[in-house]
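Q: The structure that follows is given in the form of structure tokens.
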Amino acid sequence: MRTEGPEGASSLVAPPGQDGPRGPVRRTLRTELVLVLALSLGASAVSSLISFVGALTRPGGLADQAAKLNSSQAPGRPWLDLAWQLFGLSLIHL
């Protein structure tokens, strides 16, 4: 339900005693959420497909490739590597 706020501005805040936005507003929010999720997942899928095609077309194919699970972020620069690793750990705990 739309209510008039200060200075005539409309708001989507539900008045006391009501649960929240109803009808078209709720449908619009649901549609926007689904669109954002679909675009995000679609972009991730396209990125993954391009990366996979790149791996397939490298000389030697997939058989000659190996993944480094715990590689250095800054080879030959141990202090910078340590800084990147600590920064990555700090992001996990946020």
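Q: For the residues Asp64, Asp81, what sequence is obtained by ranking on other C-beta atoms within 10 Å, fewest first?
A: Details: Asp64 8, Asp81 15.
Ranking Asp64, Asp81 by Cβ neighbours within 10 Å, fewest first, gives Asp64, Asp81.
Q: What full-extension length gain, to one decimal in nm, is calculated for Leu89 and Arg27 as 0.36 nm per residue of separation minus the Cα-Cα distance?
A: Numbers: separation 62, 0.36 × 62 = 22.32 nm, distance 3.95 nm.
Taking 0.36 nm per residue and subtracting the Cα distance, the gain is 18.4 nm.
Q: For Gln65 and Ser44, compute 0.36 nm times the residue count separating them, minus their Cα-Cα distance, and round to one decimal in nm.
A: Values: separation 21, 0.36 × 21 = 7.56 nm, distance 2.26 nm.
So the chain would gain 5.3 nm between Gln65 and Ser44.
No lab work stands behind these numbers, since they all come straight from the coordinates. Here the structure is a predicted model, which means the values were calculated and not measured. When we count neighbours, we look across all protein chains shown, and the Cβ atoms used for this are built from the backbone with ideal geometry, even at glycine.
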